[in-house]
1. Here is a list of conditions, (1) open to solvent by 100 Å² or more (accessible area, probe 1.4 Å); (2) free of Cβ contacts under 8 Å to residues at least 60 places away in the same chain, and ARG244 meets all of them except one; can you say which number that is?
2. Restricting attention to the stretch 46-68, which residues are open to solvent by 30 Å² or more (accessible area, probe 1.4 Å) and over 13 Å from GLU104 (Cα atoms)?
3. For the stretch 116-156, which positions are hydrophobic (A, V, I, L, M, F, W, C), at pLDDT below 95, over 30 Å from SER46 (Cβ atoms) and assigned to a loop (DSSP other than H, G, I, E, B)?
4. Show the residue pairs that are 6+ apart or on different chains and have beta-carbon atoms under 8 Å apart, the first residue being within the stretch 155-179 and touching a residue at least 40 places away in the same chain (Cβ under 8 Å), the second being open to solvent by 90 Å² or more (accessible area, probe 1.4 Å).
5. Considering only the stretch 226-236, state which residues are open to solvent by less than 30 Å² (accessible area, probe 1.4 Å), assigned to a loop (DSSP other than H, G, I, E, B) and farther than 13 Å from ASN110 by Cα.
6. So which residues in the stretch 189-203 are open to solvent by 40 Å² or more (accessible area, probe 1.4 Å) and either touching a residue at least 60 places away in the same chain (Cβ under 8 Å) or in a loop (DSSP other than H, G, I, E, B) (or both), if there are any at all?
7. Answer yes if at least one residue in the stretch 73-95 is surrounded by fewer than 14 Cβ atoms within 10 Å (Cβ to Cβ) and in a strand (DSSP E or B), and no otherwise.
8. Among what's in the stretch 204-224 and is in contact (Cβ under 8 Å) with a residue 12 or more places away in the chain and open to solvent by 40 Å² or more (accessible area, probe 1.4 Å), pick the residue that is nearest to the chain's Cα centre (by Cα).
Amino acid sequence: MRHEFTSTERVAISPGAPNVVTSTIEVDGVHERIRDLNVSLDLDHSWTDDLQITLIGPDGTRVLLVSGEGGSGDNFRDTRFDDSALATIAGARAPFRGTFRPEEPLTAFNATLPAGTWTLRIEDRAFQDGGRLNHWALSIESCCYHFANDTPVRIDPGPVNTVTSAIAVSNVGGMVIESLTVTVDVRHTWVRDLQLTLIGPDGTAVLLVEREGGSGDNFEGTTFDDEATRGVRGAQPPFRGRFRP
């Protein structure tokens, strides 16, 4: 289901010394987790290269939408940020009409709960040029179920061994899985020793990671997602963020 939230509050951006302005949107009534999120904004500002614009979620997650783009050009005109856009905002020209991939992927918000205060942070990093935020909006597609197991399981430092942890999934009716992500938190020195595998109720097994990370330590809130921009292969621990398995 797609949900739209908009702020029409106009916020002035001073032409004086470098400064930061913010605008917020309150999201409520959405209880499912985020599957996809897009951002649009309309902003008057001469010399858009001065600006750095960041979206901050209710849980503090930050995604850089644009920073130092457009040179001496003016304005963002109904600019939409969407990870699936063909064009990237990097190297684009003001007034940025249309849809662009942001500087950092909005998938960072996927599988999080959208309810709460969302903040658009606009940093003007130069003197003289100013402007105004006219309006901005969030487009949130929700669909996701979330199941977790928070019970710690010890991994013996002795002989080679295998441990398991189970999650019981229920009350999903006749749902067919369209997409699935897995998040783990594993404390272990020399993570190259580890192989992590997800096994479904029908016995289907998917290898998440095997012998990566060398002598580094830990998986810290690591999310495995087929749509992540980077793969876990060759990545460095503690593997914070999202990775393709």
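1. Unmet condition: (1).
2. The answer is SER46, TRP47, ASP49, PRO58, ASP59, GLY60.
3. Listed by number, the residues that qualify are PHE147, ALA148.
4. Short answer, once both residue conditions are applied: SER179/ASP226; SER179/GLU227.
5. We begin by selecting, within the stretch 226-236, every residue open to solvent by less than 30 Å² (accessible area, probe 1.4 Å); these are 228, 231-232, 235.
Subsequent filtering for residues that are assigned to a loop (DSSP other than H, G, I, E, B) retains 228, 232, 235.
Passing the criteria: VAL232, ALA235.
6. Going through the stretch 189-203, the residues open to solvent by 40 Å² or more (accessible area, probe 1.4 Å) turn out to be 189-190, 192-193, 195, 197-199, 201-203.
Passing the criteria: THR189, TRP190, PRO201, ASP202, GLY203.
7. Initially, the stretch 73-95 is screened for residues surrounded by fewer than 14 Cβ atoms within 10 Å (Cβ to Cβ), giving 84, 86-88, 90-91, 93.
In the following step, the residues that additionally are in a strand (DSSP E or B) were identified as 88.
Yes, the stretch 73-95 has at least one match.
8. Of all residues in the stretch 204-224, those in contact (Cβ under 8 Å) with a residue 12 or more places away in the chain come to 206-224.
Imposing the further condition that a residue be open to solvent by 40 Å² or more (accessible area, probe 1.4 Å) reduces the set to 206-207, 210-211, 215, 217, 220.
Numbers: VAL206: 23, LEU207: 23, GLU210: 25, ARG211: 26, SER215: 28, ASP217: 24, GLU220: 16 Å.
Within the stretch 204-224, the match that is nearest to the chain's Cα centre (by Cα) is GLU220.
The values are calculated or read from the model by the stated rules, or taken from the named source; none is laboratory data. Here the structure is a predicted model, which is why all the values come from computation and not from measurement. Using ideal geometry, Cβ is built from the backbone for each residue, glycine included, and neighbour counts are taken over all protein chains shown. Remember, those area values only see protein heavy atoms, side chains included, never the ligands or the DNA or RNA. Shrake-Rupley method; radii C 1.70, N 1.55, O 1.52, S 1.80 Å.
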